Amino acid sequence: MIAFHREYGSKGVRLVAINANETEHYPEDNFDEMQKRAREKGFSFPYLRDDDQSVAGAFGATHTPEFFVFAAVSTHARPSLRYHGKFDDNYQNPGAVKRRYVREAVDAILEGREVTEKETNSIGCTIKWKM
């Protein structure tokens, strides 16, 4: 995500990370730990806390990470969901990645083309929901 933001930020693409995990049983996801992680990793994008989990619920998010790419089809249109799913096809081995789904979707949008693969199954840890 850091490399993606570094490459695409200059093209007008904005990345926002949102952590919705409950923190009573997962204190490593509390706001203080998030700030520490962002500093250690050198996040150059906003890393937000969805404490009441309303954003994750509204998006229908189920996993971390899970990506939602929004873009307007014209300058006067409201942004709409253009891609939803996983970042790439191999989260375990970055060197073996063959498909970069988020990059493919963003490239299509920037070039004025339709996103061909609009959804993939998210892979990662499930969101830890409050009881």
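Out of the GluC sites (Glu not before Pro) in the stretch 22-93, which ones are loop residues according to DSSP with at most 13 other C-beta atoms within 10 Å?
On the way: sites: 22, 24, 28, 33, 40, 66; in loops: 22, 24, 66.
Qualifying residues, ordered by number: 24.
Remark: the chain carries a charge dipole of roughly 460 debye about the Cα centre, counting +1 on each Lys and Arg Cβ and -1 on each Asp and Glu Cβ.
For the chain, the longest principal axis of the C-alpha atoms and the axis of helix 101-110 are separated by about 50°.
Annotated for the chain: lysine pairs at least 8 residues apart or interchain, Cα distance under 29 Å, count 18. Loop-resident trypsin sites (Lys or Arg not before Pro) (DSSP state other than H, G, I, E or B) in the stretch 19-117 with no more than 10 further Cβ atoms inside 10 Å of their Cβ: 98, 113.
Rounded to the nearest 5, the antiparallel percentage of DSSP beta bridges internal to the chain is 65%.
Only the coordinates and a few stated rules stand behind these numbers; no lab work does. These numbers were taken from a predicted model, which means no experiment stands behind them. Glycine gets a Cβ as well: all are built from the backbone with ideal geometry, and neighbour counts include every protein chain shown.
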